[in-house]
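Inspection log for the structure reproduced underneath, given as structure tokens.
Where a number appears in this text, it was derived from the coordinates with a stated rule and is not lab data. Only a predicted model underlies this, so the values are computations on that prediction, with no experimental measurement involved. Glycine gets a Cβ as well: all are built from the backbone with ideal geometry, and neighbour counts include every protein chain shown.
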Amino acid sequence: MAGDIKVRKNWLKGMYIYTIVVAGLSGLGMLIAPELNRSMLAWPATEPIIYGICGSVYLAFGLLSIFGLRDPLKFSPVLLLQLVYKSIWFIAVVAPLAVAGKFPMYALGFVIIFATFIIGDLIAIPFAYLFAKPTK
């Protein structure tokens, strides 16, 4: 089935590497040195449980992306999940704050990084493969 569908394996692998570096290292930093991480990024103090959950999720994306390097198609749902949650974040969080004039400038880095992930994932994800009907 994958032979009939155009797959950009280099883009897929590139997005896995990007996820390993950005999400994986961010998550690791959030978990092992949360205060240093927050001060380096000029983030306000946050609730430690939620911050830890976020760090754990980012690290999980990074770790799963390591497997994606070995089998890019099989692990492409990792990139799909990343695309969906980041897109929801833009629609449900960034847009309302921006419209209200309350968007915090310390979050601009996140907006830029998340936008690069969204664009890269849209190019890399083999949607036709992921949503194809299973063969018998």
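Applying the Karplus relation 6.51 cos²θ - 1.76 cosθ + 1.60 with θ = phi - 60° to region 96-107 yields 3J(HN,Hα) values of x, 5, 5, 4, 7, x, 10, 6, x, 5, 5, 8 Hz, where x marks Gly and Pro.
Let me check against my output: what whole-number percent is the relative contact order of the chain, with C-alpha pairs under 8 Å and at least 6 apart? Across the chain, relative contact order equals 38 percent. Between the C-alpha center of region 1-54 and that of region 85-136 there is a gap of 14 Å.
Name the shape class, rounded, prolate or oblate, that the alpha-carbon gyration tensor gives for region 43-82, where a ≥ b ≥ c are the square roots of its eigenvalues, rounded holds for a/c under 1.5, and otherwise prolate holds if a/b is larger than b/c and oblate otherwise. Kindly include the intermediate steps, with their values, before the conclusion.
On the way: a/c = 3.96, a/b = 3.10, b/c = 1.28.
Here region 43-82 falls in the prolate category.
Take each uninterrupted DSSP H stretch in the chain, measure its Cα extent along the helix axis, and return the ones at 30 Å or beyond whose mean Kyte-Doolittle hydropathy is at least -1.0. Before the final figure, lay out the partial values.
On the way: long enough: 48-70 (34 Å, 1.54).
Taking the DSSP H segments of the chain (at least 30 Å long, mean hydropathy at least -1.0), we get 48-70.
Can you tell me how region 30-96 classifies by the Cα gyration tensor, rounded, prolate or oblate, using a/c under 1.5 as the rounded cut? Taking the square roots of the gyration eigenvalues as a ≥ b ≥ c, region 30-96 is oblate. Annotation for Asp71 and Ala128: the two label points, set 7 Å from Cα along the Cα-Cβ direction, are 2.3 nm apart. Both the radius of gyration and Dmax for region 9-125 are 14.6, 44 Å, in that order, over alpha-carbon atoms. The order of the peptides 128-135, 60-67 by mean Cβ neighbours within 10 Å, most packed first, is 60-67, 128-135. Can you list the residues of region 116-133 with backbone N under 15 Å from a point 7 Å past the Cα of Phe90, pointing along Cα to Cβ? Residues 116-125 qualify, since their backbone N sits under 15 Å from the label point.
Charges at C-beta only: +1 for Lys and Arg, -1 for Asp and Glu. How large is the resulting dipole of region 1-78 about its Cα centre, in Debye rounded to 20?
Using Cβ point charges on Lys, Arg, Asp and Glu, region 1-78 gives about 400 debye.
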